[in-house]
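J.: Quick one: structure below, then a few questions.
The values are calculated or read from the model by the stated rules, or taken from the named source; none is laboratory data. Note that this is a predicted model, so its numbers are computed, not measured. With ligands, DNA and RNA removed, areas are computed over all heavy atoms of the protein, side chains included. Shrake-Rupley method; radii C 1.70, N 1.55, O 1.52, S 1.80 Å.
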Amino acid sequence: SSEEENEKVERRHDKKKVHERKEKSLGVLSQRFIQLFAKSEDGVVTLDGAAKELLCGPDENLTSGTSRYRSKVRRLYDVANILNSLRLIKKTHLQDSRKPAWKW
């Protein structure tokens, strides 16, 4: 029936929302941030590079000047600071600029 079909669609939508929330959690963001160090040739990850890789998915139209982008970058910066305080990564700067970066 039409009512049963609507319930199925709602359940799929609810599962998708839960999955999206899990993908955006700090735990998952932390894991994905750490994975960037393995991909990096020199073991150095910049905040800009990490933000572009982790926060700007194919379905998100985030640009660096928007407040939404900046708030997501702050979350990423918080993750980096926690990993730094646990001495898993070390804060450094790129040689050619003063932009912050982290080394594994």
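J.: Just for segment 69-92: of the residues that are open to solvent by less than 80 Å² (accessible area, probe 1.4 Å) and among the β-branched types (V, I, T), which one is modelled with the highest pLDDT?
T.: Applying the filter and picking the extreme gives I89.
J.: Now for a different question. So in segment 93-104, with the set limited to residues that are modelled with pLDDT under 90 and under 19 Å from the mean Cα position of the chain (by Cα), which one is most open to solvent (accessible area, probe 1.4 Å)?
T.: K99
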